Every structure is written in structure tokens, then in C-alpha cells.
Amino acid sequence: MRPPSSSATCSVAMVVFFVLAMLSTPFAEATQTAYAQQDADRLRALFDRASSRADSLLVRYRLYPLTEDASVLDGLPSSLSDGTAREYALLSGLWAYRAGEASIFSAVTYGRRSTNLLEEAKAQAPNAPFVLLVEGQSLLFRPSIAGKDPDGAARRFGRLAEVVAAEQGSAITETEAHMWRWLALREADRPDDAQPLHDRLTGQDLPPLYRQFLESPPDV
């Protein structure tokens, strides 16, 4: 029996890809929609029905910024033995949230843990959507003494916009990526780049969270 041709193999691979995308997309899209609509109750309901570690980490990553409920960060694992790039990135982001609320001593420990998890994510898939998002946020929010780099963050968010435009079910929208890029450009003191992007975004019919972000951006 002859092995399948390369075209047949490619066709099978494409079918598998789209089946997996269809399976993962509903939960990811529901999470993204609830987040953008600032629907914390819906996110909590999604957390209760999360059927995988990846889904649980995703909901927690989206729920905490809306509620600042410290219990969302309870029981975080310090590492993963078999995590995907997406899981490592999400866990890195969650530890970064925890570092932001901790005492100075604990913040150093949690911040180092977040960095190590992000490095593991980047080693696996540096252009995965949540790897780019969390890395960009890390470069934007870290102290100057620790390597703050808003220009670098803007590049990550720009790449993120390109990636999510071509990838369904990532739980990140292209608009969100551009929103973060605008904030990074603003922080980098690049008004000639930031203002046209801001104008373009505010001219869209945005969900409540995005509108609030642009009208009252977070301190960085």
C-alpha cells in the first residue's frame, strides 16, 4: 500500500486543524465575549464549567482584572510539568497579578516566578497569542529598573494583532491587540503613532471594556 501523497496528508492535517479549532473555539469565544462585556458573573459561570486546566487558567486570567478578587488567584501552581505555551503564559500572567498585590518581599518572588514561566512559554512558542500578550504586558508594566520597554511591548502587540487576525479561537481579538499597542505607543512617547491608532479604535463600535480602556487607560 502506497503512503498518502503530500497533498492528501496536507488535506488530512487541515481537517484535523479545523476540527480542533471548532472544538476549542466556543469556550474561548465565550470567555472573550464575557471579558469584553465586563460580565464577571458570566466568567464565574464559565470557570465553574471549565473542563481543562487551559480553560481554567484562561478564565482566571480574564476574571481577575475585572474583579480584583484575590480568591481568583488562590491555589495557583508554581510550575507545570507538562504545560503548553499558552498555559505557561497564562500562569505567568496570573503570578504577575499576584505580584502586583503582594508585599515587597513576596512581589520579588512572585515576579521571578512569573518571568520563569514566561520564558518557558517563549521557548515553546514565542509567537503564540497569549505568549505575545503576556510578554507585551510584562514589558509595559515592569519597573524601569527591571527592564521596562514600551517600544518592545508595542512590537509584541503589533505581532499579536497579525497573529490573531489569522487565527480563530485564541480568545484574543485583533481589536484588543491594537488597544494594547496603542497604550504601549503612548507610554513610549510616540504620539504620531499612538494618536491615529486611538482615533481609529474609538471610531469603532467597541464593547464596554475596550471603550473604558481607551477613555481611562491603566497606569503603567
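The values are calculated or read from the model by the stated rules, or taken from the named source; none is laboratory data. Given the structure is predicted, the values throughout are model-derived calculations rather than measurements. Methodologically, a virtual Cβ is constructed for each residue, glycine included, from the backbone with ideal geometry; neighbour enumeration extends over all protein chains shown.
Taking the conditions (1) under 23 Å from Glu119 (Cα atoms); (2) at pLDDT below 95; (3) not small (Gly, Ala, Ser) in turn, Val16 satisfies each one other than (1).
For the range 104-121, the set of residues classified as crowded, with 19+ Cβ neighbours inside 10 Å and basic (Lys, Arg) consists of Arg113 only. Residue check: is Glu101 over 18 Å from Arg156 (Cα atoms), among the acidic types (Asp, Glu) and buried (at least 18 other Cβ atoms within 10 Å of the Cβ)? When the stated conditions are applied, Glu101 does not pass them. Looking across Lys122, Lys148, one residue alone is at pLDDT 95 or above, more than 12 Å from the chain's Cα centre (by Cα) and not in a helix (DSSP H, G or I). It is Lys148. Can you find even one residue in the range 97-106 that is at pLDDT 95 or above, within 22 Å of Leu209 (Cβ to Cβ) and assigned by TED's automatic domain parsing to the domain that holds Asp199? Checking the range 97-106: not a single residue is at pLDDT 95 or above, within 22 Å of Leu209 (Cβ to Cβ) and assigned by TED's automatic domain parsing to the domain that holds Asp199.
For every residue, the table says whether it meets (1) surrounded by fewer than 19 Cβ atoms within 10 Å (Cβ to Cβ); (2) in contact with a Gly (Cβ under 8 Å, 6 or more places away or on another chain); (3) of a type outside the set (Asp, Glu); (4) not assigned by TED's automatic domain parsing to the domain that holds Leu94.
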position: Leu140; (1), (2), (3), (4): no, no, yes, yes
position: Pro143; (1), (2), (3), (4): yes, no, yes, yes
position: Asp151; (1), (2), (3), (4): yes, no, no, yes
position: Val164; (1), (2), (3), (4): no, no, yes, yes
position: Thr175; (1), (2), (3), (4): yes, no, yes, yes
position: Trp180; (1), (2), (3), (4): no, yes, yes, yes
position: Arg186; (1), (2), (3), (4): no, no, yes, yes
position: Asp193; (1), (2), (3), (4): yes, no, no, yes
position: Asp205; (1), (2), (3), (4): yes, no, no, yes
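Scanning the range 160-177 for residues being in a helix (DSSP H, G or I) and either under 16 Å from Val131 (Cα atoms) or without any contact (Cβ under 8 Å) to a residue 12 or more places away in the chain (or both) gives a total of 9.
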